[in-house]
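Engineer: Pasting a structure here, questions to come.
Coordinate-derived values only; no laboratory data. Note that the coordinates shown come from a computational prediction; the quantities given were computed from them, not determined experimentally. Because the Cβ atoms are built from the backbone with ideal geometry, glycine has one as well, and the counts that use them run over all protein chains shown.
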Amino acid sequence: QVQLVESGGGLVQPGGSLRLSCTASGSISYINTISWYRQAPGNQQRDMVATIMHDGTANYADSVKGRFTVSRDDAKNTAALQMNSLKPEDTAGYYCYSDLQVLGTMRTQPYWGQGTQVTVSS
């Protein structure tokens, strides 16, 4: 059974930094994209924050460009989101998403983690 597990959330003051991690476990043969989404309090929608492709190409939401950096380590099936210069409006649940292929299957499928809370407040 494939699982994505996030860690690293917490409470931080404005201007501070946090590093989120996402670990994929299970019988995985290939990981295509890994993305970070966030869902702000009271919002029904999850918004894409950052995406990193298998070749390392990264894309960011305009609101986090220059402050957040996404990375991945395919040898360990992990990804990270380094968040700097955090603002109160970054407060949200952060979710890891991956489009990956399970051993013995012929195509990739989407998987979500359970989320980790980030609160930016003084």
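Engineer: When all C-alpha to C-alpha distances in the range 25-122 are sorted into bins of 5 Å, what percent of pairs does each bin hold, rounded to whole numbers?
Structural biologist: Binned Cα distances yield the sequence 3, 12, 23, 23, 18, 11, 6, 3, 1, 0.
Engineer: Listed highest first by mean packing, meaning other Cβ atoms within 10 Å per residue, what order do 108-120, 56-68 come in?
Structural biologist: On the way: 108-120: 16.2, 56-68: 13.6.
Listed from highest to lowest mean packing, they are 108-120, 56-68.
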